[in-house]
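Participant: Here you go, one structure.
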Amino acid sequence: MPDRKLTNEMLERMVDTNDEWIVKRTGIRERRIAQNTATWELALEAGKRALTDAGLDAAALDLIIVGTATPDFFTPSVSCIVQGKLGAEKAMAFDLSAACSGFVYCVDVADSFIRAGKAKNILVICAETLSRIIDYTDRSTCVIFGDGAAAAVFQASDADDGVLTTYMRANGTLGECLKAPILPEEDPLAPGPRAVCDHRFLKMAGSDVFRFTATAVPEAIDAVLHQANMTADQIDWFVLHQANVRILHMITTRYGLNPDKVYVNIDRYGNTSGVSVALCLDEMRKAGKLQPGQHIVICGFGGGLTYGAALIRI
Ligand code: ACO
């Protein structure tokens, strides 16, 4: 995660908002901002650390997938830049655009490549520099999002653990609810033929996305539980996209869960899009919370709109 913190108190001095509203409505206290840092730089650092942690040489990678909604270029992709810098000579590399569902979608793709026998070693990275597309005069979005990166290594194995089942969906008819154009759109009121205007910034119909999550998240969680023939009380951890603490509370109540089973770190990082689920898993593992044999449901939802869940045994 970038070192630079953007706290609620700092935002109070930038827009008409206050710490109490932000904490009560979102659960966020601070987020990280990657100043003068490209998405590929965050991705490369996370990827290097994951490889070191896994004790794997980049030369052994068959595939690198970067989940991002904020790539640095139309081309080359973030994953190709990372592939080149890592010297992962035999790896295929592509980016995956599923916004806040990024890591969960990447898990499904990595699992599918391994099951198809097309890859043995895969590096999945999620990286976002959302601060580049946030309008810091728009209080409805600037208090929500943060930057960061997280990565995981996937390896083929004969063991019967790993990704047990997945459920991935999209609802493109709701795409306008969360939109960030790639090119600045023409502003008829601004001078010049293609003046840069704030239309390049991310716009979110927050309450519409919130309503969508109320049905999409339980749909995805119910589906993976059903497919694995398991019930919610058999799951050790629910690791959901950190979009709003109220969504996490809604899921805790709906499934009658012990709140300690639903991991929360949105207070420290805000909404980091596809990064969030991987970031949670990394924190949990480093804190010794993850033990062999545990079952984890991961769930992502967001821009696209996309959503999905996976049930994993570690
Ligand atoms: N400070 C103070 N007041 C605010 C702020 C703020 N930062 N932002 C909005 N308000 C005001 C609004 O202007 C509105 O005022 P009004 O009633 O006078 O019009 C009031 O608060 C309520 O606004 P809502 O937008 O209805 O607030 P809501 O309770 O829905 O919370 C939020 C907004 C936090 C964005 C919520 O809708 C949400 O979390 N949505 C889901 C986001 C999500 O899941 N996104 C998907 C992932 S993102 C991705 O994929 C990149």
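Each value in this text was obtained by applying a stated rule to the coordinates, not by laboratory testing. All values reported here derive from a predicted model rather than from experimental measurement. We place every Cβ from the backbone using ideal geometry, glycine too, and count neighbours over all the protein chains shown.
Participant: Does segment 263-281 hold any residues that are in contact (Cβ under 8 Å) with a residue 24 or more places away in the chain and either part of a loop (DSSP other than H, G, I, E, B) or surrounded by fewer than 20 Cβ atoms within 10 Å (Cβ to Cβ) (or both), and which are they?
Facilitator: From segment 263-281, those in contact (Cβ under 8 Å) with a residue 24 or more places away in the chain are 263-264, 266-281; that's our starting set.
Answer for segment 263-281, where residues must be in contact (Cβ under 8 Å) with a residue 24 or more places away in the chain and either part of a loop (DSSP other than H, G, I, E, B) or surrounded by fewer than 20 Cβ atoms within 10 Å (Cβ to Cβ) (or both): TYR263, VAL264, ASP267, ARG268, GLY270, THR272, SER273, GLY274.
Participant: ASP108: within 25 Å of ILE314 (Cα to Cα) and charged (D, E, K, R), yes or no? Outline the logic, then answer.
Facilitator: Numbers: within 25 Å of ILE314 (Cα to Cα): yes; charged (D, E, K, R): yes.
Answer is yes for this residue.
Participant: Continuing with this model, one more query. Filter segment 1-21 down to residues that are assigned to a loop (DSSP other than H, G, I, E, B) and under 21 Å from ALA149 (Cβ atoms), then give me how many there are.
Facilitator: If we filter segment 1-21 for residues that are assigned to a loop (DSSP other than H, G, I, E, B), which is where we start, we get 1-4, 13-18.
Those left that are additionally under 21 Å from ALA149 (Cβ atoms): 1-4.
Here the count works out to 4.
Participant: Follow-up question, since we're still on this one. Give the residues of segment 211-247 that are within 20 Å of the chain's Cα centre (by Cα), more than 14 Å from the ligand (Cβ to nearest atom), hydrophobic (A, V, I, L, M, F, W, C) and more than 14 Å from LEU257 (Cβ to Cβ), sorted by residue number.
Facilitator: VAL224
Participant: Mind checking which residues of segment 22-37 are assigned to a helix (DSSP H, G or I) and touching a residue at least 12 places away in the same chain (Cβ under 8 Å)?
Facilitator: Looking only at segment 22-37, we keep the residues that are assigned to a helix (DSSP H, G or I), and these are 22-26.
If the condition is that a residue be assigned to a helix (DSSP H, G or I) and touching a residue at least 12 places away in the same chain (Cβ under 8 Å), then ILE22, VAL23, ARG25, THR26 are the ones that fit.
Participant: Just the residues that are within 11 Å of the chain's Cα centre (by Cα) and surrounded by 23 or more Cβ atoms within 10 Å (Cβ to Cβ), please, taken from segment 67-102.
Facilitator: GLY67, THR68, ALA69, ALA98, ALA99, CYS100, SER101, GLY102
Participant: Looking at (1) out of contact with any Asp or Glu (no Cβ under 6 Å at 6 or more places or on another chain); (2) outside any loop (DSSP other than H, G, I, E, B), which is the one condition that is false for TRP40?
Facilitator: If we test TRP40 against (1) out of contact with any Asp or Glu (no Cβ under 6 Å at 6 or more places or on another chain); (2) outside any loop (DSSP other than H, G, I, E, B), just (1) comes out false.
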